[in-house]
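Beneath this line is the structure, given in structure tokens, with notes to follow.
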């Protein structure tokens, strides 16, 4: 059986698990191409105007591979950690895909709860049954996939730069270089290193969050806030660059929280959608880096 894996949303975070799981069950993996203009245009045409850019791009990835596979992974991720939630669009993404894209093969619909191995295995079993009826084969594939995911080291931590910024944003905005117009490379060329939240241990970030009156409802809010708080305390960064999709409700909350509590830290908010122009993007980044440089020189004087 050929299993299609769209290179969108949390693909960049959980690729080792999903690829290993399906390969262990004997599937041939068909990945969509890296995001490009054709995929973006397809997704924008198929998806509702109100959807954010990553959701539109995901539609484009699905459309691109739907005729090449027998099953497509549509990850309905409900929770990563207990008592926390992620983007609500993940809860309904299978139905969005079904309603917007015609002539689909089988798609995965079972909910994914990553905080509990037992709950996560329910997804693995429901999905694995499509490929094999052998319970033990599914169990073995699940365990092997979990082990591969644990080995996966994500995150960016550039070394050797006089200036360094925290690059904040959802995984699919940070690691999809077409969506973000290769913002990391732009910063590096201007002499600025990048560090992302994954390089700081979750326990450390959680300790920083305890300072807040109330723990954030959203997983990503907790991770980003905790990381920035720690990075500033340890003098790891000179500023913050936040990549946000236009119309992202979660980002609107996180951005205001960061601005409120770290008001003296240089902060650049870059909004991205299908209409974002690269020239304006570059101008804002260059101006921000120039300000960081002047601020650094002033502090050293």
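The values are calculated or read from the model by the stated rules, or taken from the named source; none is laboratory data. Computed from a predicted structure; not experimentally measured. Note: ideal-geometry Cβ built from the backbone for every residue, glycine included; neighbour counts use all protein chains shown.
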Scanning segment 120-132 for residues that are out of contact with any strand residue (DSSP E or B) (no Cβ under 9 Å at 6 or more places or on another chain) and assigned to a loop (DSSP other than H, G, I, E, B), the one surrounded by the most Cβ atoms within 10 Å (Cβ to Cβ) turns out to be 132
In segment 137-170, how many residues are under 19 Å from the mean Cα position of the chain (by Cα) and on the phi > 0 side of the Ramachandran plot? 2
Kindly list the number of the only condition in (1) surrounded by 13 or more Cβ atoms within 10 Å (Cβ to Cβ); (2) in contact (Cβ under 8 Å) with a residue 24 or more places away in the chain; (3) under 30 Å from residue 4 (Cβ atoms) that fails for residue 143. (2)
Candidates 133, 119, 189, filtered to the one that is more than 23 Å from residue 58 (Cβ to Cβ), free of Cβ contacts under 8 Å to residues at least 12 places away in the same chain and assigned by TED's automatic domain parsing to the domain that holds residue 225: 189
Among the residues of segment 280-295, how many are farther than 22 Å from residue 175 by Cβ and either assigned by TED's automatic domain parsing to the domain that holds residue 45 or surrounded by 15 or more Cβ atoms within 10 Å (Cβ to Cβ) (or both)? 2
Considering only segment 89-102, state which residues are out of contact with any helix residue (DSSP H, G or I) (no Cβ under 8 Å at 6 or more places or on another chain) and in a helix (DSSP H, G or I). 90, 91, 92, 94, 95, 98, 99
Restricting attention to segment 48-84, and to residues there that are out of contact with any helix residue (DSSP H, G or I) (no Cβ under 7 Å at 6 or more places or on another chain) and in a strand (DSSP E or B), which single residue is farthest from residue 31 (Cα to Cα)? 79
Of the residues in segment 103-119, those that are assigned to a helix (DSSP H, G or I) and either touching a strand residue (DSSP E or B) at 6+ places or on another chain (Cβ under 6 Å) or at pLDDT 95 or above (or both) come to 119
Of the residues in segment 256-279, those that are in a helix (DSSP H, G or I) and surrounded by 10 or more Cβ atoms within 10 Å (Cβ to Cβ) come to 256, 257, 258, 259, 261, 278
What number of residues in segment 80-99 are in contact with a strand residue (DSSP E or B) (Cβ under 9 Å, 6 or more places away or on another chain), free of Cβ contacts under 8 Å to residues at least 60 places away in the same chain and within 18 Å of residue 249 (Cα to Cα)? 2
